[in-house]
Amino acid sequence: MDTDVLVVGAGPTGLALGIDLARRGVNALVVERADALFPGSRGKGIQPRTMEVFDDLGVLDAIRAAGGRYPVGMIWQDGRRAGEHRMFDPAEASEDAPYTEPWMVPQWRTQEILYTRLTGLGGEVAFGRELVGLTQDADGVRAEFASGEPVTARYAVAADGGRSTVRRLLGIGMAGETLDPNPTLVADVRISGLDRDNWHIFPPGGDGDGYLAICPLAGTEDFQLVAQFPDGTAPDLSLEGIRKVVAARTHLAPESVTELRWASDFRPRAALADRFRSGRVFLAGDAAHVHSPAGGQGLNTSVQDAYNLGWKLGAVLRDGTDAALLDSYEEERRPIAADMLGLSTSVHRGETRRGEATQQLGLGYRTSSLTRETRTDPGPVRAGDRAPDGTVDGTRLFDAFRGPHWTLLALGRAVPPPALGERVGVRTVQGPAHAAYGTGLFLVRPDGYVGWAGDSPTGPTEYLARFGRRG
């Protein structure tokens, strides 16, 4: 079987990449070792920047309908409510940043939504396909599976998690550290006797056991239970084992846990792959970086890996852009992943509160080789920055950005000749100077970052001739 892009792994990373490629007309196949989508809640927080990505990918309405806001933490002591705990610093929404708080959606539901969108675009996921071999040459990649026919592709993407088979087959190292030697259990359960208005926190007692937290999962009847255990303990993942933990650490009776829907255990760690690329194979998501769940950055950084890589693969495979563009994927994403790993680790250790930094709205690519800032006196938004939302002459900018195209903002400046849009398919929005942007011409990349900024009417065409679509 032949395809343009083989995506290994049908988690949030692989599904988001599949969507982005499908809407660009790129022939892609997503393969998944398991027989079905991941069944647990695990990564349940969607950060504001990822909400913007999901807006562009066409799934935001479904994500919002499926989830809800995070509840206020409630600390329990001796069976009584002892006080509230705010999980993150609140922030007010604004015109340029309409989403400013994390949105809770269980990972299994996020994946269902992404899968529905992917298949609706004509994309495909092949389940029960365990990768066992991977070779490549100057023309493409060949993947072998435990069962079924091999697949050949022009490019492949490892989106197969922290224990990535692809990464191992490529021989790419992953340096990191275990942040906590104590094992942690996470489970999706049904519980009676607890309200769904609070995230219930039971601090460690004097018997050496760790904390217990029980969070109502928005949009479901489930709770996510997280329990820490002493080093050397093997958590019991059975219903009876979880009932014992709940009875020992809370005021609830064992039978309050009425159903176990999914359970797993892990040791929090932080790790970064030595490289994000080997020839025609790219690493994305947990295959490239593994985070502590404390910062709520893992799934979000992973989806944005896919968002960065998707438009570049589309440009090379469908628009005739020089394949050198793909070199910018590791250049742009690996430093971001390293920064987010540091942030996650800092939150895990209690050194940083969840707030503005964890929203990921301030991330950008100012030092990227794709970035061109040509103004001597830039305004509030510079090339490399996230392109803010707003309204220009009656047009909402996120509406204009939505879709697999470039967008030219002409703010207080003349619009370049019409040939620009005809030749390279750029959508143009014109209006007066804008409070969030200032004055100038801004060429916004398909992933919502300003690639070029300046005042020259020929600048966008010159920029796109090197980095963007070629007509």
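The values are calculated or read from the model by the stated rules, or taken from the named source; none is laboratory data. Keep in mind the model is a prediction, meaning the values are calculated, not measured. For neighbour counting, all protein chains shown are included, and Cβ atoms are generated from backbone atoms with ideal geometry for every residue, glycine included. For accessibility, only protein heavy atoms count, side chains too; no ligands or nucleic acids. Shrake-Rupley method; radii C 1.70, N 1.55, O 1.52, S 1.80 Å.
Data table
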item	result
In region 70-98, residue surrounded by the most Cβ atoms within 10 Å (Cβ to Cβ) [restricted to those that are within 23 Å of Leu343 (Cα to Cα) and aliphatic (A, V, I, L, M)]	Ala97
Number of positions in region 116-131 that are surrounded by fewer than 21 Cβ atoms within 10 Å (Cβ to Cβ), in contact (Cβ under 8 Å) with a residue 24 or more places away in the chain and out of contact with any Ser or Thr (no Cβ under 8 Å at 6 or more places or on another chain)	6
Residue within region 198-213 that is out of contact with any Leu (no Cβ under 6 Å at 6 or more places or on another chain), assigned to a loop (DSSP other than H, G, I, E, B), open to solvent by 10 Å² or more (accessible area, probe 1.4 Å) and closer than 20 Å to Leu309 by Cα present	no
Looking only at region 367-393, and only at residues there that are among the acidic types (Asp, Glu) and part of a loop (DSSP other than H, G, I, E, B), the one that is farthest from Gly448 (Cα to Cα)	Asp377
Count - residues of region 132-141 that are aliphatic (A, V, I, L, M), surrounded by fewer than 18 Cβ atoms within 10 Å (Cβ to Cβ) and either under 14 Å from Asp2 (Cα atoms) or in contact (Cβ under 8 Å) with a residue 40 or more places away in the chain (or both)	0
Residue match in region 248-260 (condition: within 17 Å of Leu185 (Cβ to Cβ), open to solvent by less than 40 Å² (accessible area, probe 1.4 Å), of a type in the set (Val, Ile, Thr) and part of a loop (DSSP other than H, G, I, E, B))	yes
Tally, over region 281-303, of residues that are among the aliphatic types (A, V, I, L, M) and out of contact with any strand residue (DSSP E or B) (no Cβ under 7 Å at 6 or more places or on another chain)	3
Some residue of region 172-193 being at pLDDT 95 or above, surrounded by 18 or more Cβ atoms within 10 Å (Cβ to Cβ) and hydroxyl-bearing (Ser, Thr, Tyr)	no
Glu144 over 30 Å from Ala218 (Cβ atoms), open to solvent by 30 Å² or more (accessible area, probe 1.4 Å) and not in a loop (DSSP other than H, G, I, E, B)	yes
Among the candidates Asp2, Asp61, Asp56, Asp35, residue that is among the acidic types (Asp, Glu), out of contact with any Leu (no Cβ under 8 Å at 6 or more places or on another chain), open to solvent by 10 Å² or more (accessible area, probe 1.4 Å) and modelled with pLDDT under 95	Asp2
Residue check for Ala156: open to solvent by less than 20 Å² (accessible area, probe 1.4 Å) and not in a loop (DSSP other than H, G, I, E, B)	yes
